[in-house]
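Notes follow once the structure below has been shown.
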Amino acid sequence: MTRVIYGNELAKRIKDEMAIEIKDIVAKGNRRPCLCVILVGEDPASVSYVKGKDKACKEIGIESKMISLPFETTQEQLLSIIDRCNQDDTIDGILVQLPLPKHINEKVIINSIDPGKDVDGLHPVNVAKLYSNEDGFIPCTPLGVMKMIEEAGINVDGKHVVVIGRSKLVGSPVSRLLLNNNATVTMCHSHTADLKAICKQGDILVVCVGKAKMITKEYVKDGACVIDVGVNRVNGKLCGDVDYDDVFDKCSVITPVPKGVGPMTICMLLKNTLKAYYK
Ligand code: NAP
């Protein structure tokens, strides 16, 4: 029997626990944790993501500060706003919604965020901490993936995990996180030879390739756990990087799209904000 791990249900449980924790913090006379999200421009997908983050914060009692800036905002203006947020002791987490307009250098902006407030886990200090297995902020999607594997009752220690994708945002940090937890990790990418044969060796398959329904049953070992990070829109419908119906009977655990890793990403952003608050 294949078990489906629903990220929306798991996220709800974690958010309910955090809501109780925050209620308790406030009842004791402390200020609320606060996340500041900065959006430059009006890209519809970014506007929608930012709204989702604002709503999720409010649902569990995190104060949400939204700074919406016009597309024409210069890099210097954005740096000065981030500097103010860095200095503001009532702000725990800072998130700059990506992508930024082309005239702003993303690297410069990410590097300007106080690493102690970098709840997206993209600042080089936090990347270095992940790679040296020290406590820092870990990007939200990889954290969500780990929580889903844990929810499936799987201990990754000693397991062979095949990760398809090596991006800075997902594939690389999730691979490192798995390695830190004693998994044997194979990272695949667009130059990998004989991808199918490698994938078929994985006890766990983490798919973050960005290609709709690319992973079919030929890539999956019998009884594997398949985590689908992909989010694609095909004919107006959301789907993952895994061909869900095709692989379903072959695996022991699978995550759906939608209602899979996506809701866990926002949930982990809230967790990181709470962590920044305690720090
Ligand atoms: P990305 O930056 O485009 O990276 C894709 C990776 O897949 C790259 O490493 C690429 O290899 C590799 N790849 C591409 N085609 C391949 C092929 N035919 N065979 C093997 N490897 C191949 O994408 P991303 O930002 O990591 O995102 C991956 C997916 O996750 C997307 O569907 C995205 O929408 C989704 N996502 C979901 C969430 C969420 O919250 N659920 C968050 C972030 C991203 P090279 O390095 O060689 O180019």
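The values are calculated or read from the model by the stated rules, or taken from the named source; none is laboratory data. Here the structure is a predicted model, which means the values were calculated and not measured. Glycine also receives a Cβ, built like all others from the backbone with ideal geometry; neighbour counts cover every protein chain displayed. All accessible areas refer to the heavy atoms of the entire protein, side chains included, with ligands and DNA or RNA removed. Shrake-Rupley method; radii C 1.70, N 1.55, O 1.52, S 1.80 Å.
Label separation (D157 vs N8): 3.5 nm, computed from points 7 Å beyond Cα along the C-beta direction. Of the cross-linked pairs K12/K271; K55/K259; K168/K211; K15/K107; K168/K237; K58/K107, those separated by over 20 Å at the C-alpha level are K15/K107; K168/K237; K58/K107.
For segment 145-221, the dipole from Cβ point charges (+1 on Lys and Arg, -1 on Asp and Glu) about the Cα centre works out to 280 debye, to the nearest 20.
Rounded to the nearest whole Hz, the Karplus-based 3J(HN,Hα) values (6.51 cos²θ - 1.76 cosθ + 1.60, θ = phi - 60°) of segment 98-106 follow the sequence 9, x, 8, x, 4, 6, 10, 7, 4, with x at glycine and proline.
Given N residues in segment 41-101, what is its alpha carbon radius of gyration divided by 2.2 N^0.38 Å?
Details: Rg = 12.3 Å, N = 61, 2.2 N^0.38 = 10.5 Å.
Expressed relative to 2.2 N^0.38 Å, the Cα Rg reads 1.17.
Averaged per residue, segment 55-178 has 46 square angstrom of accessible surface, using a 1.4 angstrom probe with ligands and nucleic acids left out. For the chain, the ratio of Cα radius of gyration to the globular rule of thumb 2.2 N^0.38 Å stands at 1.02. Dividing the mean sequence gap of close Cα pairs (under 8 Å, 6+ apart) by how many residues segment 128-192 holds gives a relative contact order of 35 percent.
Stretched out straight at 0.36 nm per residue, the stretch from K196 to S80 would grow longer than its current Cα-Cα span by 36.9 nm.
Distances between placed amide hydrogens fall under 5 Å for V96 paired with I38, all partners being 5 or more residues away or on another chain. Rg and Dmax, both from the Cα atoms of segment 138-190 and both in Å, are 10.2, 31. Each Lys and Arg adds +1 at its Cβ and each Asp and Glu adds -1 at its Cβ; summed about the Cα centre, the chain shows a dipole of about 240 debye. Residues whose amide H lies under 5 Å from that of L69, counting only those 5 or more places away or on a different chain, are L39, V40, G41; hydrogens are built 1.01 Å from N in the peptide plane. For the residues L95, L269, L79, a GNM of the chain with alpha-carbon springs under 10 Å puts the largest fluctuation on L79.
When the Debye formula is applied to the Cα atoms of segment 26-140, each taken as the same point scatterer, what base-10 log of I(q)/I(0) results at q = 0.09, 0.15, 0.20 Å⁻¹? For segment 26-140, the Cα-only Debye profile gives -0.24, -0.68, -1.15. Taking every alpha-carbon pair under 8 Å whose residues sit at least 6 apart, segment 139-279 reaches a relative contact order of 23 percent. Multiplying each eigenvalue of the alpha-carbon gyration tensor of segment 96-185 by 5 and taking the square root yields semi-axes of 26, 13, 11 Å, largest first, rounded to whole angstroms.
Note: relative contact order over segment 203-243, using C-alpha pairs below 8 Å and six or more positions apart, is 50 percent.
Over all directions, the projected convex hull of the C-alpha atoms in segment 124-165 averages 3.8 nm² in area. Of the residues D246, D135, D16, the one that moves most in a GNM of the chain with alpha-carbon contacts below 10 Å is D135. Under a Gaussian network description of the chain, with springs only between Cα atoms under 10 Å, the residue in A224, A128, A27 that fluctuates furthest is A27.
Rounded to two decimals, the Cα radius of gyration of segment 125-257 over 2.2 N^0.38 Å is 0.99. When the alpha carbon gyration tensor of segment 12-83 is reduced to an equivalent ellipsoid, its three semi-axes come out at 29, 16, 7 angstrom, largest first.
Spin-label model, L238 to N30: label points 7 Å out along the Cα-to-beta-carbon direction sit 3.2 nm apart. Evaluated at q = 0.18 Å⁻¹, the base-10 log of the normalised Debye intensity for segment 56-209, with identical point scatterers placed on the Cα atoms, takes the values -1.10. The Stokes-Einstein estimate for segment 223-277, based on a Kirkwood radius over Cα pairs and taken at 20 °C with 1.002 mPa s viscosity, is a diffusion coefficient of 171 µm²/s.
Across segment 182-279, Cα-Cα distances exceeding 21 Å account for 39% of all pairs.
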